[in-house]
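One structure is given here, and the rest of the page talks about it.
The values are calculated or read from the model by the stated rules, or taken from the named source; none is laboratory data. These figures come from a predicted structure and were not determined experimentally. Backbone-built Cβ (ideal geometry, glycine too); neighbour counts: all protein chains shown.
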Amino acid sequence: MKNKSANTAKTLKVFVMILSLGALPLLMSVTGCVSGCRYEQRSGERIDDHATSSRVKAALDNDSEYKHGGVSVDTFKGTVQLSGFVNSRDQKNRAGDLARPVTGVKEVVNNITVKESAN
């Protein structure tokens, strides 16, 4: 009788351990994004990022030196990505310089491509 209860206790421990380990990934997926996921935006972040993109676009449009419309502005969690094509390195650098001080910008990723001249 003692052997049977020892085996039952051992089996129960193994079952509980397997159940706990199996539930861990499910628990992590449910609770992991409560405070914010790295690759997903909450609606408030989406609204803030849209406003930041608008402010960066306005800064580019209102600058008397920059004047180039071939650049796209995308923002994700405060990181602004500039992309598109400009005619010179100075235009590329100016776009990054104009974006950095804008309210809501945490980081600027300047992926603007400088067109090669046909010389």
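If only residues of region 41-59 that are touching a residue at least 12 places away in the same chain (Cβ under 8 Å) and farther than 15 Å from residue 109 by Cα are counted, the one that is surrounded by the most Cβ atoms within 10 Å (Cβ to Cβ) is 59. Can you spot a residue in region 30-39 that is modelled with pLDDT of 90 or more and loosely packed, with under 13 Cβ neighbours inside 10 Å? No, there is no match, as no residue in region 30-39 is modelled with pLDDT of 90 or more and loosely packed, with under 13 Cβ neighbours inside 10 Å. Within region 79-104, the set of residues being over 16 Å from residue 61 (Cβ atoms), at pLDDT 95 or above and touching a Gly at 6+ places or on another chain (Cβ under 7 Å) comprises 104 only. Note on region 1-29: residues that are of a type in the set (Ser, Thr, Tyr), over 30 Å from residue 76 (Cα atoms) and at pLDDT below 65 amount to 0. Considered as a group, the residues in region 65-98 that are part of a loop (DSSP other than H, G, I, E, B) and not polar (S, T, N, Q) include one that is nearest to residue 40 (Cα to Cα), and that residue is 77.
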